[in-house]
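Q: Okay, handing you the structure first.
The values are calculated or read from the model by the stated rules, or taken from the named source; none is laboratory data. Model, not experiment: these values are computed from the prediction. So basically every Cβ, Gly included, is an ideal-geometry build from the backbone, and we count neighbours across all protein chains shown. These area figures cover heavy atoms from the full protein model, side chains too; ligands, DNA and RNA do not enter into them. Shrake-Rupley method; radii C 1.70, N 1.55, O 1.52, S 1.80 Å.
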Amino acid sequence: MECSLCDRLKLLSEGNYPFLVHEFKNSFLVLGEHQFFLGYCVLISKNHYKEMTDIPVPEQTELFQEMMTASKLIEKSFGPDKMNMCSLGNVVPHVHWHFFPRYKTDAEFANPPWLSMHLFEKARIDETKREKLIEILRSNLP
């Protein structure tokens, strides 16, 4: 089975993925490689599950808490007006959550973040910005 997120997990566990923000018991929080929405992050389950309903109940509970901690961390770090969180898995069937901080200054604030997806590639960040944003997030960890 090929899974791009399982490949990324391997890099994360080896310390070879420079976008790591924090390792939780059941997941990794990584800064998004693009920052079309400032503070965009992804929480990746350490275990490969296709659906959230495949996750054993005790792990579901822990993952939910990790999601809430990640969301609060991003909110504290960047002060968005709204946080969009979603887990789809149509493209990569490995449970993960996207955290899109939304700001009233966004041109498309009322629309789902996916409508701006065609612009994400143009918002890729360099190493300097990546390190600065990760530092901001880590400084606000509980």
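Q: Please give the FRET efficiency for Tyr103 paired with Glu2, using the beta carbon to beta carbon distance and R0 = 25 Å, rounded to the nearest 0.05.
A: After rounding to 0.05, the efficiency reads 0.10.
Q: Pop out the ³J(HN,Hα) list for the stretch 10-21 in order, Karplus 6.51 cos²θ - 1.76 cosθ + 1.60 with θ = phi - 60°, rounded to Hz; leave Gly and Pro as x.
A: 4, 4, 4, 5, 8, x, 10, 10, x, 9, 5, 9
Q: Classify the stretch 36-101 as rounded, prolate or oblate, taking a ≥ b ≥ c as the square roots of the eigenvalues of its Cα gyration tensor: rounded when a/c is under 1.5, otherwise prolate if a/b is larger than b/c and oblate if not.
A: In terms of gyration-tensor shape, oblate.
Q: Quick one: order Trp114, Trp97 from most to least accessible surface, probe 1.4 Å.
A: Final ranking, largest accessible area leading: Trp114, Trp97.
Q: Let me ask another. Can you list which of the chymotrypsin sites (Phe, Trp or Tyr not before Pro) found in the stretch 38-80 are DSSP loop residues with at most 13 other C-beta atoms within 10 Å?
A: none
Q: Loop only per DSSP, at most 15 neighbouring Cβ atoms within 10 Å: give me the GluC sites (Glu not before Pro) in the stretch 1-98, ordered by residue number.
A: Here the sparse-neighbourhood loop sites are Glu2, Glu14, Glu33, Glu51.
Q: Just the accessible area for Thr69, please: 1.4 Å probe, Å², rounded to the nearest 10?
A: 50 Å²
Q: Would you mind checking Lys50/Lys129; Lys72/Lys104; Lys25/Lys104; Lys25/Lys122 for any pair whose Cα atoms are more than 29 angstrom apart?
A: Lys50/Lys129; Lys25/Lys104; Lys25/Lys122
Q: Please tell me the relative contact order of the stretch 8-134 in percent, rounded to the nearest whole number, where contacts are Cα pairs under 8 Å and at least six residues apart.
A: Relative contact order of the stretch 8-134: 28 percent.
Q: Can you tell me the 0 to 90 degree angle between the C-alpha axis of helix 127-139 and the longest principal axis of the chain, rounded to 10?
A: 70 degrees
Q: Obtain the nm distance between the two label points defined at His34 and Val91 by a simple spin-label model: each point lies 7 Å from its Cα along the Cα-to-C-beta direction.
A: 0.8 nm
Q: Still on this structure, please answer the following. Only helical DSSP H runs with n ≥ 4 go in: add -39500 (n - 2.57) per run for the chain, normalise by residue count and round the 222 nm mean residue ellipticity to 500 deg cm²/dmol.
A: -10500 deg cm²/dmol
Q: At a 1.4 Å probe radius, carbon and sulfur cover how many percent of the accessible area of the chain?
A: 54 percent
Q: If you don't mind, another one. Need one word for the chain: rounded, prolate or oblate. Basis is the Cα gyration tensor (sqrt eigenvalues a ≥ b ≥ c); a/c below 1.5 gives rounded, then a/b vs b/c decides.
A: Rounded, because the longest to shortest axis ratio a/c is under 1.5.
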